[in-house]
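Here is the structure we will look at.
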Amino acid sequence: MSKIEKYKLLSEQIKSLVEGETDQVAVMANVAAAIHLEMGFWWTGFYRVQNDELVLGPFQGPVACMHIGYGKGVCGTSWKQQATVVVPDVEHFPGHIACSSASRSEIVVPVFSAGKIIAVLDIDSKDLATFDEVDKQWLEEIVKVFDKK
């Protein structure tokens, strides 16, 4: 199955899985688990916006950093820029926060609800250059399940 086919199926499964659920943490938990299992990434999870920082939310993978400042690291940069950030090699990202030395590439997708960012979806890979435009497109589609307009 191609990556696009996997994402298409995953997106449909996630929409069905979380339909009608109003608890954002519960939705984050199942979205992280579904992505992690289907795609086989090293670390998959959410950082929730809490006041002036990102706080670790539901995730799959090894232990992680618990607090990230606005504009700090890849997650804080995505939050500040209000845009997806794809990093082919974390060693070359200025200010990268190394929660695990095994992480080599990363994608961070902002999660919007009612026009504001409520979290970021952070995914790490043990391999260089794992993430591309296909990942960006489909992960941005998947996080739309949080958008309560």
Which strands (runs of 3 or more DSSP E) sit wholly inside region 17-122 and have at least 2 residues that are crowded, with 18+ Cβ neighbours inside 10 Å? 43-50, 53-60, 85-87, 105-113
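For every residue, the table says whether it meets (1) free of Cβ contacts under 8 Å to residues at least 24 places away in the same chain; (2) over 24 Å from D127 (Cα atoms); (3) of a type outside the set (S, T, N, Q).
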site: E5; (1), (2), (3): yes, no, yes
site: A34; (1), (2), (3): no, no, yes
site: R48; (1), (2), (3): no, yes, yes
site: E53; (1), (2), (3): yes, yes, yes
site: P58; (1), (2), (3): no, no, yes
site: P62; (1), (2), (3): no, no, yes
site: V74; (1), (2), (3): no, no, yes
site: T84; (1), (2), (3): no, no, no
Please go through region 105-131 and pick out each residue that is within 16 Å of K80 (Cβ to Cβ) and in contact with a Pro (Cβ under 7 Å, 6 or more places away or on another chain). I117, V120
Verdict on V55 being among the aliphatic types (A, V, I, L, M) and closer than 23 Å to D132 by Cβ: no
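Read-outs throughout are calculated quantities, based only on the coordinates presented, and are distinct from any laboratory measurement. All values reported here derive from a predicted model rather than from experimental measurement. Reconstructed Cβ throughout: ideal geometry from the backbone, glycine too, with neighbour counts over all protein chains shown.
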